[in-house]
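A short worksheet on the structure shown next.
Please treat every number below as a calculation from the coordinates, not as lab data. These numbers come from a predicted model, not from an experiment. When we count neighbours, we look across all protein chains shown, and the Cβ atoms used for this are built from the backbone with ideal geometry, even at glycine.
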């Protein structure tokens, strides 16, 4: 016998969103509510995983009991003022109530109350619906792969004296994910760093930790100077590889202070190819811009001693399975994945294309830089591009 379609009550929907916010998955929520994961997904997708605001009615509004008193008073041919006095309401409130509900002769309490509730549910216009210029700017920046937080911060800096040209990042997210409103087309979520069909909680678990290989004569990150940790000067870099299909790779470098990004095409992942690519990049820089390099524990940098000898830069290696020790680079690699998603054959992209992507990233305002850009933070006279 076919199982009847499962529907959720208001309280159950509240529980769905609460569990989702806590990091529970579709199956976990389904087990709690005895529902299929697909049913849970359908409920969440309707609002993009964002819990809808619960409806509440102002206590100043007329109640169904008061409307019934109005009907009785009108039937007894009492004046508007007399009805208002009996309800301790303003005469103008009673007058508007009667006028908007077919007048004295046809006023019905139930119909008036239903109409009031229906009108209260009218969707309020978003600032993006009211302000086409602001909407155009938001869409334009989303297409450049800016995050909602970057867009919001940039607008506050750029239009500091024009409040109507400012918007919170949460409003942008809601405009993207709440499909019922269709303020910004849902397809633009493809330009976000996490291209998900709905918003996920920060508590959702991530799996798939990589193993590690011991680097011969590698200098531990714990021997790195505290001045490097404090990001007080330019020239301290974090680096790693980003991999694609068919054994293709690119090298990424990020300056710890300015967040300036360099992306380099690699001939292969072997130690010699990586060494030659990094050496070419760093030898183009003035000595004051090559002070140190912090890297993951991959064997691709087995020739770190040769790199230090040629460039004068000490190379530090992170602890096993501790990517947060080079968090600036990890974050930047996530941004780069917006342009080169997993399963991309990176060999099809030229160095010119990689430079274009790096340039876009370096022109993005960053919250950590008070919404200035990496290009603004670093000396423009120094050509750091490959």
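Structure notes:
- The Cα-based radius of gyration of the stretch 293-352, divided by its Kirkwood radius, gives an Rg/Rh of 1.03.
- Calculated FRET value between residue 310 and residue 247, using beta carbons and R₀ = 41 Å, to 0.05: 0.95
- Normalising the average separation of contacting C-alpha pairs (under 8 angstrom, six or more residues apart) by the number of residues puts the relative contact order of the stretch 64-115 at 45 percent.
- Per residue, the convex hull around the alpha carbon atoms of the stretch 64-115 comes to 62 Å³.
- GNM flexibility winner over the chain from 117, 257, 367 (Cα, springs under 10 Å): 117
- Scattering curve values for the stretch 243-386, log₁₀ I(q)/I(0), Debye with Cα scatterers, q = 0.12, 0.18, 0.20 Å⁻¹: -0.48, -1.17, -1.48
- Inter-label distance for residue 299 and residue 110, nm, one decimal - labels placed 7 Å from Cα along Cα-to-Cβ: 8.0
- Working note: Cα atoms of the chain, range along each principal axis, descending, whole Å: 101, 62, 39.
- Between residue 271 and residue 232, the simple label model (points 7 Å from Cα in the Cβ direction) yields a spacing of 3.5 nm.
- Against the compact-protein benchmark of 2.2 N^0.38 Å, the Cα-based radius of gyration of the stretch 91-148 scales to 1.99.
- If both residues of a DSSP beta bridge must be in the chain, then about 60% of such bridges are antiparallel.
- By the count of neighbouring beta-carbon atoms within 10 Å, fewest first, 159, 371 end up ordered 159, 371.
- With the simple model of a label 7 Å out from the Cα in the direction of the Cβ, residue 356 to residue 188 spans 2.2 nm.
- FRET efficiency, residue 18 to residue 171 (Cβ-Cβ, R0 22 Å, nearest 0.05): 0.50
- Likely footprinting exposure, 377, 313, fewest C-beta neighbours within 10 Å first: 377, 313
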